[in-house]
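What follows is a set of notes on a single structure, which appears directly below.
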Amino acid sequence: MSADPLVVVVHGKPAPQGSKRLVGQGHLIESSAGVKPWRQTVAFACRDAWRTANGDQLPNFKAAYAVALVFTMARPLNHYRSGKAGNPIRDGAPAIPAVTPDLDKLIRSTLDGLADSGAIVNDSRVVEIAAVKTYPAGHLDALDVPGVVITLREIGQT
């Protein structure tokens, strides 16, 4: 990986890596139905960004990484005014999404998707992380639609 960070924009509804539940015969299933499609979406976007930035070069198997994640969540409909008001967001609408899904579970599913992409060997290689959960226009790196901006930076070797 070059000294420049890999920046990946993933569009879609971020899904948490939730708890697993036992369904009998020792089979565990993911409690969040959206986690598999989210991880696949993240993996596809990361794979595409990796190829664009690095061609056929493989990731450094001994690298340690810093990751920054900016999750943009969709505002619920009750945050919006009805009619043709100048500002469509209600005055009392929260500025930040301090509601489910949990940020740590969003991080888990997204890092697993990043590892699934092959851009990093395993999410255990991430040694530094910064994460934000916001609404559109609530953060400098927020998207206009739901999704995540992933910034992956190699910071050392093990």
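Quick look at the numbers
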| quantity | calculated |
| --- | --- |
| Condition check for Thr110: part of a helix (DSSP H, G or I), buried (at least 17 other Cβ atoms within 10 Å of the Cβ) and among the β-branched types (Val, Ile, Thr) | yes |
| The listed residue being out of contact with any helix residue (DSSP H, G or I) (no Cβ under 6 Å at 6 or more places or on another chain), at pLDDT 90 or above and among the acidic types (Asp, Glu), out of Asp116, Asp48, Asp91, Asp123 | Asp48 |
| Conditions (1) touching a residue at least 12 places away in the same chain (Cβ under 8 Å); (2) closer than 23 Å to Val9 by Cβ; (3) over 11 Å from the mean Cα position of the chain (by Cα); number of the one not met by Asp56 | (1) |
| Matching entry among Val121, Val127 (being under 30 Å from Gly156 (Cβ atoms) and in a loop (DSSP other than H, G, I, E, B)) | Val121 |
| Residue count, the stretch 65-86 (criterion: in contact with a Leu (Cβ under 9 Å, 6 or more places away or on another chain) and hydroxyl-bearing (Ser, Thr, Tyr)) | 2 |
| Unique match (being touching a residue at least 12 places away in the same chain (Cβ under 8 Å) and within 24 Å of Gly18 (Cα to Cα)) among Arg39, Arg153 | Arg39 |
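The values are calculated or read from the model by the stated rules, or taken from the named source; none is laboratory data. Since this is a predicted model, take the numbers as computed values, not measurements. Cβ: placed from backbone, ideal geometry, glycine included. Neighbour counts: every protein chain shown.
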